[in-house]
Amino acid sequence: MFSWSRFAAILVKEFVQVRRDRLTFAMMIGVPVMQLVLFGYAINMDPKGLPMAVVSADASPFTRSLVRGLEASGYFRVVAQPATQAEAEALVAEGDVQFVLHLPADFSRRLARGERPVALLEADATDPAATGNAIAAVQAVNQSGLDRDLSGPLASLRQGPPAFELRVHRRYNPEGITAYNIVPGLMGVVLTMTMVMMTSIAMTRERERGTMENLLATPVRPFEVMAGKIVPYILIGYVQVVVILVAAKLLFRVPMVGSLALLSAILVLFIAANLAVGFTFSTLARNQMQAMQMTFFFFLPSMLLSGFMFPFRGMPGWAQAVGEVLPLTHFLRIVRGILLKGNSWDAVALEVGALAAFLVAAGTVALARYRETLD
Amino acid sequence: MAEPDYAIEVEGLTKRFDDKVVVDHFGLRVRRGQIYGFLGPNGSGKTTTIRMLCGLLTPDEGRGTCLGFDIRRESARIKREVGYMTQRFSLYEDLSIAENLEFVARIYGIARRRERVDAALERLGLARRRRQLAGTLSGGWKQRLALAACLLHEPRLLLLDEPTAGVDPGARREFWAHLHELAHEGMTVLVSTHYMDEAERCHALAYIAYGKLLASGSAEEVVAGAHLATWAIEGEVAALATAAAALKGAPGADMVVPFGSRLHVSGTDAGALAASVTRVAAAAGLRAAPIEPGLEDVFIHLMRRTPEPVTVAHQAGG
Ligand SMILES: Nc1ncnc2c1ncn2[C@@H]1O[C@H](COP(=O)(O)OP(=O)(O)O)[C@@H](O)[C@H]1O
Ligand SMILES: [Mg+2]
C-alpha cells in the first residue's frame, strides 16, 4: 500500500538534505549555467582569423593583393613574415601559426607572363576541424584573388582559368583523419578525469572514515602525505597511457613520429599537475560526493575549452584565456606536437613551462590548504 | 633533559567553535606514571581537550605542556611521544590487522619493524588474526588493535578517548589490567570514560561539564570535596516511586536517583536532607539510612549544580 505520509517523509527529508548541502545546490545551478555559456558562447565550429605566416620572396602588388584576398575571406590573419623557411617551420611546430603561405621569387614575373605560377599554402592539419573551412575558402580566393590587380595589358587574364594556382598542402595529417587528432588528445582527457577524481577522493575518504584524525595525530608531514598519495596514481596514469598508445598504434594507426621518451618525461608533469588539482579539491570537499562534483566542475571546461572537442582558435578571447590556464590545453599541444609533428624539446618547451607553472601553483594551494589540525 | 614531574600540565585551555565555548579555561595536571580518568557527560568537551593536548586542535587561549613540550609550538615532538587512541575507530578498515600495524610502524620510522609488529600481535593475542581485515573485527578486537597501534612506537603518554565504549565487561577488565601494567612500567595514561567502575580504577580523576573542570583529584578527594550527604531508601517498589515523587523539591533533597530497588537521595544541606528523608520514608513505610556518596552521585550532583552556559542559539543550517 502506498502511504502518502511515508512518501512525504522521504520527500521532506530529501529537500532538507539538498538544501543543507550547499555545494550540491550550487552545482545544480552552476553546471547548467556553465554548459550554456561554454556551448552557447565559447564554442565555434567555424574558427576564423587563423594565424598565418607569409614567407615571401617576392614583394609585389600581386603578392600583397593575394595575401589581402586571403585575409578578406576572414579565415586568415597574417601574424608573421619570417625571412627563412626554417623560421616558418618553427612557427608551425610550436603551433604559433596554423598556415604558412610560400610565395616564390618569380611569382609576379611568371604571373605577368601568364604562366600560372604556384603559391604554396601549408596547413597544420593535425586538427582537421580547425582548418577545414579555411581550406575550403582558399578555393574562392583562387578564383577571384587577383582580379582587381589584373588591369591594363593583363586584363585578359581575368577571363579563363585563374591566373595562378594556390596549392594547399595539409601537413601532419594529410588525409584529415579525425582519429589522429582525437586519440592522442584522449590520453590527456582520460588522465585529467581519472587523476583528478582519484586524488580528490583520496583525502576526503580519510576524513569521512575518520582515519584522518589518526593520521594527523602521527608525526607525518603534509608533503609526505601528498607525495605518498600521488605517486601510486602517477603509476596508474602511466598504465593508462600505455593502453591508449598501444590502441592508437594498433587500432587507429595514429602516426608517432616524435620521441616517446620525451612524451613520457612530460607526462609526469601533466599527471602530477592534475593530481595536485585533485589534492586541492580533497582539502576543500567535505565528503566524497562533493569531491566528485568538483572533479566534474574542473573536467567540463577542460574538455570543452582545451581544444580537445572544439578548435581552440575558434573560441572567443575570454574562453581562450580560460583554456590557457588549464593543463589539458598545454598537454594537448604537446602530445599532438610530439606524436604528429615530431616536435623536439625546443618546440614544446614553452608549453612544458606552462604545465610546470600550473603544477607549482596547484601544489602550493594544495599544501597551503592541507590542515595539520582538525580546526 | 630532566623528566618533568607532570606528564600533562595545562592551564586556561579554551576552545571555541563558532562562538560556542566548548572548553572553558580548563586546567589539568597529570603526574607521570598515573592513570588519570577523564569524566564528563557527552558533549562536555573531553574529546576536544584531548585533541588540544596532542596538537590536533589549536587552543584559542591557554597554555601548557605535554611531556615537557609546549602544546602550541612543539606539537610535532608531542606527536612522536604520545599514543592517541581516537574515540571512533580510526585505523584502516580495508587493511588487515598486520598491514595496519606495519603502516603505523613505518609512519613512526620504527626500527626492526617486522619483529616489533610480530611482538605486538603476539602480546595482544592478535597473531592468529593478523590477516583479517580490520573492518571485520568486533568492537573488543578493534579496541585491542587500536591500543596495539598506539603502543607500537613506545610512547610515554597515552591519551585514550573512551577506549572501552561498547566493549563487553570481560574485555574491559582485561584492558584495564593491561593499562595498570603499563602504568607500572612508567607510562602515563589519560583515559576518558563513562563507566564508574573504570573511574574507580584510576589514580586520579577530573570531571568536566560544559567545558569547565568541576572537580579533580583522587576518587576519595572528589567525593569529599563535593560535601555531599547521601541517603539510601529501601523497600517496596511502588512505595519507592511514591517516595521519589514526594522527595522531589523537598527541602535538602537536591537529587533523587533510583538505583535498582534503592533510591539515592543527596543534597549539600545534610540537616535538611536528613529531616526530609526520614519524614518521607516513615510516611511510606520505607527504610532509610545515610550512606557514603558514590562517584556517580557526586558527578550527577556536580553536573546539576553547573548551569548550562548561555550561548547564542545556532540553528542547524542557519
Ligand atoms: N569541529 C567541531 N565543530 C563544531 N563543534 C564541535 C566540533 N567538535 C566538537 N564540537 C562540539 O563541542 C562540544 C564538545 O564536544 P566533545 O569534545 O566531542 O565532547 P565529549 O568528547 O566530551 O563528548 C560538543 O557540543 C560538540 O558538538
Ligand atoms: Mg568524546
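Structural remarks
- P(r) tail fraction, the stretch B:71-214 - alpha-carbon pairs more than 19 Å apart, %: 54 percent
- Taking the empirical scaling 2.2 N^0.38 Å for compact globular proteins as reference, the stretch A:185-251 has a Cα radius of gyration ratio of 1.43.
- Looking at chain B, the DSSP beta bridges with both ends there are about 70 percent antiparallel.
- Three-way shape call for the stretch B:17-125 based on the alpha-carbon gyration tensor, with the a/c threshold at 1.5: prolate
- For the stretch B:229-292: relative contact order, % (alpha-carbon pairs under 8 angstrom, 6 or more apart): 47 percent
- Taken along its principal axes, the alpha carbon cloud of the stretch B:200-318 reaches lengths of 51, 41, 25 Å, longest axis first.
- For the stretch A:178-374, the residue among A:Leu245, A:Phe358, A:Gly323 whose Cα projects farthest onto the positive side of the dipole built from Cβ charges is A:Leu245.
- Exposure proxy for A:Met34, B:Met187, B:Met52: other Cβ atoms within 10 Å of each Cβ, ordered fewest to most, give A:Met34, B:Met187, B:Met52.
- The protein assembly as shown: mean projected area of Cα convex hull, nm²: 45.9 nm²
- Convex hull volume per residue for the stretch A:49-137, taking Cα atoms only, in Å³: 88 Å³
- With the helix formula -39500 (n - 2.57) applied to DSSP H stretches of n ≥ 4, chain B reaches a computed 222 nm mean residue ellipticity of -11000 deg cm²/dmol.
- Of the residues B:Tyr36, B:Tyr84, B:Tyr108, the one that moves most in a GNM of chain B with alpha-carbon contacts below 10 Å is B:Tyr108.
- Of A:Asp21, A:Asp96, A:Asp124, the one that fluctuates the most in a GNM where chain A has Cα springs shorter than 10 Å: A:Asp21
- Fluctuation leader among B:Ala119, B:Ala134, B:Ala206 - chain B, Gaussian network, Cα springs under 10 angstrom: B:Ala119
- Chain B: Cα Rg divided by the 2.2 N^0.38 Å rule of thumb: 1.15
- Put a plus charge on the Cβ of each Lys and Arg, a minus charge on the Cβ of each Asp and Glu, and nothing anywhere else: the dipole of the protein assembly as shown about its Cα centre is then about 1320 debye.
- Going by neighbour counts of Cβ atoms within 10 Å, the residues B:Phe103, A:Phe331 line up, fewest first, as B:Phe103, A:Phe331.
- Kirkwood-type radius of the stretch B:216-277, with distances r between different C-alpha atoms, in Å: 12.1 Å
- In units of the compact-protein estimate 2.2 N^0.38 Å, the stretch A:178-374 shows a Cα radius of gyration of 1.06.
- Solvent-free Debye scattering, log10 I(q)/I(0), computed from the Cα coordinates of chain A at q = 0.08, 0.12, 0.14 Å⁻¹: -0.54, -0.94, -1.15
- Listed by Cβ neighbour count within 10 Å, with the fewest neighbours leading, B:Lys212, A:Lys48, A:Lys341 appear as A:Lys48, B:Lys212, A:Lys341.
- Alpha-carbon Rg/Rh ratio, for the stretch A:8-107, with Rh computed the Kirkwood way: 1.46
- Percentage of interatomic Cα-Cα distances in the stretch A:302-368 larger than 14 Å: 61 percent
- Beta bridges assigned by DSSP with both partners in the protein assembly as shown are antiparallel in approximately 55 percent of cases.
- Set B:Lys142/B:Lys212; A:Lys249/A:Lys341; A:Lys13/B:Lys46; B:Lys79/B:Lys142; B:Lys15/B:Lys248; B:Lys46/B:Lys142 screened for pairs whose C-alpha atoms are more than 27 Å apart: B:Lys142/B:Lys212; A:Lys13/B:Lys46; B:Lys15/B:Lys248
FYI, it's all coordinate maths here, none of it is from the lab. Quick caveat: nothing in here was measured; it's all calculated off a predicted structure. So basically every Cβ, Gly included, is an ideal-geometry build from the backbone, and we count neighbours across all protein chains shown.
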